[in-house]
Every structure is written in structure tokens, then in C-alpha cells.
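Worksheet: one structure, shown below.
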Amino acid sequence: MRRRDLLKSAPLVGLATPALAQAQKPLRFIPQANLTALDPIWTTAVITYNHAYMVYDQLYGYDGAGNIRPQMAEGHTVSQDQLTWTFTLREGLKFHDGEKVLAKDCAQSLRRWGSRDSFGQVLMKYVNEIVALDDKKFEIRLKKPCPQLLFGLGARQSFIMPERLALKPGTEQVTDPVGSGPFRFLRDEWVSGARAAYAKFDGYVPRQEAPAFFAGGKVAHFDRVEWIVQPDPATAAAALQKGEVDWLEQPLIDLCPMLNKSPGCYTKVVDPGGWLMFMVLNHLNPPLDNVKVRQAILTAMDQGAFIESVVGDQKDLQMVPTGLFAPTFPMASTVGFDRLAPPRDIAKAKKMLAESGYKGEPVMIMSPSDQPALATLSEVARDMFQQIGLKVDYQSMDWGSVVTRRANKSPVDKGGWGCFITVMSPLTSANPGSMLVLRGNGQQGWFGWPTDPKLEEMREAWFDAPDLPAQKAIADQIQAHYFETVNFLPLGRIRQPMAFRSDIQDVVSASFPVFWGMRRT
């Protein structure tokens with residue numbers, strides 16, 4: 001019996017629900033993974049971003065319609081030469097410890113973010129200095145005009161922290177999650193691997209606007225939100241059916257038809273742009289440090305086979321073929337799609353591998369056992385690698401272990417790795433600047449660490465491009481270049497549904513689950 005048939009027919013067993021939690025009626029949420037790190041600057045783990053959008057706020061916010069709108073900022077002015085941007089904070093901003101949000105907090109938070117974030121690192125090359133003028137105003141003084149500045153402040157994870165915390169280097173984790181967002185993190189209740197809890201921050205003053213993606217009024221309608229870690233998808237689905245939880249971030253797609261037929265449940269694609277499923281390749285360890293090996297793998301890769309292994313016959317949830325950039329954003333490109341067209345040529349890939357100089361080194365795949373979709377994709381990758389003649393060292397581990405081990409730059413026998421599969425939101429893959437995996441700055445870059453000076457040159461040219469046509473032309477060039485270097489593998493896109501109890505309404509569309517705006521009816 002196939003895995004998805006077994007799941008459809010299996011009886012579902014729910015979670016035990018404490019009587020106190022039932023009486024309080026908090027919003028109960030099962031996240032896609034265990035929360036292990038609290039600092040969204042120190043890590044790029046999606047689960048930490050989920051946490052951060054509750055706890056922190058940003059100066060600006062992306063509204064889902066292509067606009068970057070003021071959030072913590074009241075607004076800004078720009079000098080005639082485009083080199084001085086002056087920002088003013090809106091009234092009523094407070095941190096969870098009761099202190100006012102000041103311009104110096106924003107300035108230092110942006111410096112720390114810019115030292116770590118792939119988009120921010122490029123922006124900081126434009127910056128002469130970030131200076132607090134008084135408690136409510138600060139300036140970003142540039143060396144040259146920067147057309148992408150607001151995108152960085154509103155569509156990247158440039159969260160604002162108190163200055164005392166933001167003074168810590170970005171390479172060191174902040175463990176005191178004091179923000180100014182609509183929810184406070186209840187650290188004393190956090191048990192990694194089991195649960196986390198948040199309380200509505202009564203000192204938060206939302207904008208008087210309707211919520212729109214990461215912009216607008218962030219009104220919290222729940223006094224308390226509880227995260228419950230449940231890696232077993234059948235148990236999670238049963239808990240939703242029984243009303244023991246209200247929201248599943250990533251229900252197993254095989255179970256979505258059943259949930260839609262269950263009384264009191266529904267599923268919804270909250271971000272229609274499609275999440276990019278991609279394989280990170282380690283350029284420091286053989287054999288994936290060899291571009292000829294990577295080109296052989298690309299020749300064998302079938303995006304359709306990867307995505308169908310997850311969505312099955314729910315064709316409306318798959319988006320293939322796909323290039324680098326999200327199809328709902330202007331940078332989307334079809335350049336090189338002929339290199340992805342089926343049928344895939346396994347015989348040619350085997351020949352390319354034989355001619356690559358491959359010496360039989362095993363490819364170590366890290367497969368997350370508690371992420372069913374990623375584990376399934378990892379199995380497809382293992383089969384593809386073996387078909388073309390690669391040796392595979394397949395290691396199953398929980399996602400927290402993947403996140404920890406992926407930072408190790410050592411050889412595999414000393415704790416390193418070969419590849420792993422993860423996901424990227426449509427907003428993160430919107431353009432060459434935001435796409436964290438699309439770097440060529442070696443060991444200063446994101447995991448995988450490819451060294452690709454030409455890519456870096458084109459990426460910086462994209463930041464300088466004065467208008468949309470110029471940016472689009474460079475994005476096309478970058479995608480064409482990708483097919484020569486194959487620095488990572490785009491496996492296709494999935495419209496990942498979320499699942500809810502039917503009394504949870506007004507869910508705000510965004511790339512990450514956001515907990516404002518929604519209410520229990």
C-alpha cells in the first residue's frame with residue numbers, strides 16, 4: 001500500500017487537551033517544525049520567522065500588491081540627490097519591557113540585520129552611516145542612490161529590537177526575545193520540542209488600516225496563542241478534527257481532501273505564489289563541489305516527479321516547471337526552461353557523471369524525519385542520484401538537527417554534509433536580491449557556500465538597476481547563468497495549504513503564518 005493510501009485509511013488519534021486550555025479558548029496552532037532558535041537575524045529558519053512576525057515589528061511592510069508601506073515608520077523623506085533618507089517613527093511604539101522604541105534602536109537593529117541578511121549585506125555597501133537624529137528620527141546616508149532600500153526594510157526580515165540587544169553581533173544569537181510586535185513571547189512556558197506560548201501585548205498600538213500581508217493594522221484578537229509541536233501529521237490532523245487545535249500550518253497534503261470533508265474543518269492556500277522546494281548543495285565537499293557533477297544531476301532532475309511525490313493527484317497545488325523567481329513577482333523568468341523539459345535523460349546524465357571525474361565519493365543527504373514533504377522529496381533525490389551512478393549516504397534526522405548541522409563546513413566524516421532540501425517563500429524568492437540561496441560569495445554566504453564572482457557582479461548590478469525593465473533583464477541573465485553553474489536545485493513549487501477549524505476566519509494572506517487580523521467567529 002502506498003504511503004498516501006495508508007494515511008487516508010488510517011484512524012486518526014488526537015492530542016490530549018488540558019482542561020485549563022479548553023476553558024481559556026486560546027488560539028492553538030501546530031507549527032511546521034519545532035522552535036529551536038528565537039533570533040531571526042542569527043538564523044534563516046522559517047519557524048523562527050514565524051515566531052519573529054509575532055514578537056517583532058518592522059519599519060515598513062510589504063502589502064502583497066507590490067507596495068512597501070509604512071509600519072513602525074510614520075513616513076520618510078528623501079533628499080534631492082537621493083543620498084539621504086530621513087525616517088520618522090510613529091507615535092505609541094513600545095517594547096514589551098515597557099521602554100519606548102527610539103530611533104537609536106532602529107538604527108542599531110538595521111546595522112545588525114545588514115551584517116547578516118543576504119539582502120541587507122548588499123544594501124550596507126551603499127550606506128555611509130545610519131544616524132539617530134533624536135528619539136523619533138534617524139537618517140540612512142548613502143554613498144550612491146539605492147533603488148531597493150525600502151524593499152529591504154519592508155519585505156525582508158529587518159526586525160527592530162532594543163539597542164541593547166541589537167548591539168550583539170549578528171553571528172551571536174539573541175536569546176532575549178523583547179520586541180514591539182502585537183504578541184509577547186512567554187519564555188517561561190517555552191519547552192523546545194513540545195510547546196511555546198504568546199500573550200497579546202496590550203501596549204501595542206496598531207495602525208488604523210486593514211491588514212494586508214505584512215502591512216496595515218496588526219490587531220490581535222486572541223489574548224493567548226499556544227504552539228503545540230506535533231511532528232506526526234495524522235495525529236495533528238486528528239487534533240484539528242476534534243477541535244483540540246485550531247490551525248495546522250502544514251497539514252500533510254495527502255490529508256487535505258479528508259480535512260475538507262470533515263465537519264468543522266477547512267483548508268486554504270494562504271500564499272498563492274507557491275513555495276519553492278529546493279535542494280541546497282554543499283560546494284565545499286566532493287562530489288558536489290564539481291560543476292560537472294552538478295550539471296549531470298540537473299540533466300536527470302524531473303521537477304514534476306519531485307512535486308507529484310508530495311501533492312499526488314492534487315494538480316492544482318503544483319507549479320512546474322519553475323525557474324528561480326516566484327511566478328507572482330515581476331522578476332519571474334522562463335529563460336532556460338528547455339533545460340527542465342521532460343522527459344529527463346538518465347542515460348545522458350550517467351555519461352556526464354562518468355566524464356566528470358567523479359571518484360565515487362558518497363553524497364550525504366540530510367533528510368528531516370519530522371518534515372514529511374521534505375523527507376519524501378529527499379527519497380526522490382536519493383533515487384535520482386542512485387540512478388545516475390552517485391553513491392548516497394542517506395541520513396534521517398529531525399529538522400532541528402538539520403538546522404544545526406548545515407552550519408558545519410567540515411568534511412562529512414567530521415560532521416559536515418552534502419545536501420538537504422528545504423523551502424523558500426514566494427516573497428523570499430521574489431528577486432535576485434531577496435533570494436538568500438542565490439549568492440556566490442563563498443564562505444561568507446548562505447549554506448552551500450558557492451563561490452561565483454560573476455553571479456555576485458550581476459546581483460549587484462540588479463541592485464543598481466534604475467527601473468523595472470532593467471531589473472528584469474538582469475534577472476533573465478542571472479537565470480541563464482544559473483543553468484551553467486547549477487549552484488542549487490529548484491525542485492518545483494507547491495501551493496501549500498494550511499488547515500483551520502471552521503470558526504477561524506479573516507485569515508490574513510502572507511508568506512508566513514501571521515496571527516493578527518484572524519478571529520474566532
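The values are calculated or read from the model by the stated rules, or taken from the named source; none is laboratory data. Being a predicted model, the structure only gives us computed values, none of them experimental. Using ideal geometry, Cβ is built from the backbone for each residue, glycine included, and neighbour counts are taken over all protein chains shown.
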Filter pass, Gly418 being at pLDDT 95 or above, within 26 Å of Arg28 (Cβ to Cβ) and in contact with an Asp or Glu (Cβ under 8 Å, 6 or more places away or on another chain): no
Going by the conditions given, is Ser378 crowded, with 20+ Cβ neighbours inside 10 Å and in a helix (DSSP H, G or I)? yes
Is it true that some residue in the range 458-467 is among the charged types (D, E, K, R), under 21 Å from the mean Cα position of the chain (by Cα) and over 26 Å from Leu149 (Cα atoms)? no
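A quick yes/no check of all residues on (1) modelled with pLDDT of 95 or more; (2) out of contact with any Lys or Arg (no Cβ under 9 Å at 6 or more places or on another chain); (3) not assigned by TED's automatic domain parsing to the domain that holds Val403:
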{"residue": "Ser425", "(1), (2), (3)": "no, yes, no"}
{"residue": "Ser434", "(1), (2), (3)": "no, no, no"}
{"residue": "Pro450", "(1), (2), (3)": "yes, no, no"}
{"residue": "Trp462", "(1), (2), (3)": "yes, yes, no"}
{"residue": "Pro466", "(1), (2), (3)": "no, yes, no"}
{"residue": "Phe483", "(1), (2), (3)": "yes, no, no"}
Report those helices (runs of 4 or more DSSP H) wholly inside the range 92-202 carrying at least 3 residues which are of a type in the set (A, V, I, L, M). 103-116, 118-126, 149-155
Assess whether Leu252 counts as being buried (at least 20 other Cβ atoms within 10 Å of the Cβ) and out of contact with any Lys or Arg (no Cβ under 7 Å at 6 or more places or on another chain). yes
Residue match in the range 349-365 (condition: at pLDDT below 95 and part of a loop (DSSP other than H, G, I, E, B)): no
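A quick yes/no check of all residues on (1) in contact with a Phe, Trp or Tyr (Cβ under 8 Å, 6 or more places away or on another chain); (2) of a type in the set (Asp, Glu); (3) at pLDDT below 95; (4) at positive phi:
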| position | (1), (2), (3), (4) |
| --- | --- |
| Asp39 | no, yes, no, no |
| Thr43 | no, no, yes, no |
| Val46 | yes, no, yes, no |
| Tyr53 | yes, no, no, no |
| Tyr56 | yes, no, no, no |
| Pro70 | yes, no, no, no |
| Gly92 | no, no, no, yes |
| Gly98 | no, no, no, yes |
Taking interchain pairs and intrachain pairs at least six residues apart, which have beta carbon atoms under 8 angstrom, with the first residue in the range 371-390 and assigned by TED's automatic domain parsing to the domain that holds Gly357 and at negative phi and the second among the β-branched types (Val, Ile, Thr) and surrounded by fewer than 21 Cβ atoms within 10 Å (Cβ to Cβ)? Arg382/Val392; Phe385/Val392; Gln386/Val392; Gln387/Ile346; Ile388/Ile346
Does Gln208 meet the test of being part of a loop (DSSP other than H, G, I, E, B) and not assigned by TED's automatic domain parsing to the domain that holds Ala236? no
Across the range 45-73, which residue is farthest from the chain's Cα centre (by Cα) among those that are part of a strand (DSSP E or B) and crowded, with 24+ Cβ neighbours inside 10 Å? Tyr60
Tell me, yes or no, whether the range 340-355 has at least one residue that is closer than 21 Å to Ala33 by Cα, in the same structural domain as Ile474 (by TED's automatic domain parsing), of a type in the set (Gly, Ala, Ser) and surrounded by fewer than 18 Cβ atoms within 10 Å (Cβ to Cβ). no
Filtering the range 468-481 down to residues that are at pLDDT 95 or above and among the aliphatic types (A, V, I, L, M) yields Ala470, Ala473, Ile474, Ala475, Ile478, Ala480
